[in-house]
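Have a look at the structure below before the remarks.
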Amino acid sequence: MVGRPVSAVCFWTNVSELYGRVGIEARYHTSRRMIPPIANDFVAGEEPATAIEHVTACNRDGVAGILNLLGEHYSQRPPADADTQAYIDLIADLAETGVAGCVSVKPSQIGLDVGVDVFEENLAAIVEAGQQHGRFVWIDMEDHTTTDVTLDAFEKHALGTDGGVGLCTQANLKRTREDIERLADLPGKIRFVKGAYDEPAEIAHKDKAAVDAAYRELLEYAFREFDDGIAVGSHDPAMIEYAADLHAEYGTDYEVQMLMGVREDAQRDLAADGVATYQYIPYGGKWLSYFYRRLRERKENALFALRAIVGR
Ligand SMILES: Cc1cc2nc3c(=O)[nH]c(=O)nc-3n(C[C@H](O)[C@H](O)[C@H](O)COP(=O)(O)OP(=O)(O)OC[C@H]3O[C@@H](n4cnc5c(N)ncnc54)[C@H](O)[C@@H]3O)c2cc1C
């Protein structure tokens, strides 16, 4: 069940059932290593099969999945190539299982820190797999030093696939208002987020109110100028309400995307109300630093974890 800590027994029973159903056990040789309670509210296991199991549970509530294999900033080619292959296999498995889900990839995970050519080659291979299996590929946006190369890569594949890829844009970056004018004419989807990276004040809004105002301005522009392909990547009830108002005003289609473990009741409610809703689902062995980030960014998460550890 989405949003609730899953007991060890029922978690692995379900995974075993899934293996049997889709016949992918042999490929993964899944270990019985488990992500501890609380962390597994935010991360869907270490293996692709457990992540697909989580997507299946989300789908039952009408929520689609966006799978992200945890990993970033590889300085050597082998791990970048290995994660690229993992995404290619995952896309094939998403298609084989028939779940409603796609993938989201970080540029530095597939080789950007090694070289732009490595990133481009690996992204092309993932996009090709997406096209082959009819699965959408999102490109996450990292810090401002990567914006240009990421935009260029998106543009190439948006045109080459006629809209089979999506790009994340960050409201905290002052340049984004101009960037989305370029993106408005391209096929594909754009995910609007507030921005997760601590950027220099010369190029970024630092004040929360300024970021919120920029986010609203971007949404208004997108609903007015885009034909479709708007993704609201936010947990903020005010922004989600604003998107609904803009949809009512302009009629433009949109979807809402939120992270696994965050406001999952709201995710289910939105889906029940007929809003296209996606859950961004991280998985993989590198879960500890991701979980730590989720705890640090919100006092309530840390208290929740503490309560669980001292006895619930
Ligand atoms: C699907 C998705 C993909 C993303 N991809 C990227 C990316 O590629 N690049 C990037 O830089 N950033 C990305 N982000 C992160 C994003 O930039 C923000 O850092 C993050 O979403 C926090 O901003 P917010 O809009 O959710 O709201 P915030 O401004 O953090 O919070 C506003 C309000 O939302 C509600 N809220 C927020 N968090 C919680 C919570 N944990 N529990 C309950 N209520 C909460 C509260 O009411 C809060 O007052 C992504 C986020 C999502 C959801």
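Extension gain, D148-R175: 0.36 nm per intervening residue step, less the Cα-Cα distance, totals 8.7 nm. For R191, the residues 5 or more places off, or on other chains, whose built amide H falls under 5 Å of its own are L167, C168, T169, A231. Distant-in-sequence amide contacts of L67, defined by a placed amide H-H separation under 5 Å and a gap of 5 or more residues or a different chain, comprise C102, V103, S104, I281.
Arranged from fewest to most other beta-carbon atoms within 10 Å of their beta carbon, H205, H133, H54 become H133, H205, H54.
At q = 0.14 Å⁻¹, what is the log10 ratio I(q)/I(0) for the range 8-311, with the Debye formula run over Cα points and no solvent? Results for the range 8-311 at q = 0.14 Å⁻¹ read -1.12.
Assuming 0.36 nm per residue, please report the length gained on full extension of the stretch D269 to D236 beyond their Cα-Cα distance.
Details: separation 33, 0.36 × 33 = 11.88 nm, distance 1.45 nm.
Roughly 10.4 nm would be gained on extension.
For a modelled paramagnetic label at Y221, 7 Å from Cα along Cα-to-Cβ, the residues of the range 179-200 in reach, with backbone nitrogen under 12 Å, are 179-185.
For the range 8-311, the relative contact order works out to 20 percent when only alpha carbon pairs closer than 8 Å and six or more residues apart are counted.
Throughout, read-outs are computed from the coordinates displayed, never taken from laboratory work. Keep in mind it's a predicted model, so treat the numbers as computed, not measured. Cβ sites come from the backbone with ideal geometry, for glycine too, and all protein chains shown count toward neighbours.
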